[in-house]
Amino acid sequence: MEQTKQLVQKITKGIQEKKGKDIVIADLSPIEGAICRYFVICEGSSPAQVEAITESVGDVVRIEAGEKPVKVVGLNNAQWVAMDYSDVLVHIFLPDVRKYYNLENLWEDAVITTVPDVD
């Protein structure tokens with residue numbers, strides 16, 4: 001479990017390095033039947049920023065934690081990119097797409113942590 005928490009920290013660092021906004025960490029570990037232990041959700045202001053955040057997360061996690069995502073989907077239009085690290089799913093949205101899907105409220109029983117934006 002400690003390794004998973006460190007992975008979440010590295011993912012958050014990668015998001016912050018490219019000024020990703022409104023970072024939310026949803027701890028799904030106490031929820032029976034959850035698809036993973038954590039969701040890390042954030043947004044970029046444009047498709048280019050969503051791509052940059054995705055690349056930054058991949059680089060930071062690979063370099064600092066020695067892990068690569070199992071799968072990355074959504075880069076074709078970069079409105080919603082999902083990165084699968086098995087125990088952690090990273091969701092990088094454009095603001096309007098994030099609002100539409102409202103993942104933070106999908107798992108009502110999850111413990112939600114909001115990470116302050118970096119200026």
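The values are calculated or read from the model by the stated rules, or taken from the named source; none is laboratory data. A quick note: this is a predicted structure, and the numbers were derived from the prediction, not measured. All Cβ positions, even for glycine, are placed from backbone atoms using ideal geometry, and neighbour counts span all protein chains on display. These area figures cover heavy atoms from the full protein model, side chains too; ligands, DNA and RNA do not enter into them. Shrake-Rupley method; radii C 1.70, N 1.55, O 1.52, S 1.80 Å.
Of the residues making up region 30-40, those that are buried (at least 22 other Cβ atoms within 10 Å of the Cβ) and touching a helix residue (DSSP H, G or I) at 6+ places or on another chain (Cβ under 6 Å) number 2.
Filtered by the rule that a residue be in contact with a strand residue (DSSP E or B) (Cβ under 8 Å, 6 or more places away or on another chain), open to solvent by less than 40 Å² (accessible area, probe 1.4 Å), part of a helix (DSSP H, G or I) and at pLDDT 95 or above, region 60-118 gives V97, R98. Checked against (1) touching a residue at least 60 places away in the same chain (Cβ under 8 Å); (2) more than 14 Å from K13 (Cα to Cα), V72 passes all but condition (1). Checking the structure you have, find out if any residue of region 65-72 is over 20 Å from T114 (Cβ atoms), under 12 Å from the mean Cα position of the chain (by Cα) and of a type outside the set (S, T, Y). Yes, region 65-72 contains a residue that is over 20 Å from T114 (Cβ atoms), under 12 Å from the mean Cα position of the chain (by Cα) and of a type outside the set (S, T, Y). Remark: pairs (first residue in region 1-19, not in a helix (DSSP H, G or I); second residue not hydroxyl-bearing (S, T, Y); Cβ separation under 7 Å; 6+ apart in sequence or on different chains) = K18/Q49; K18/A52; K18/I53; K19/V118.
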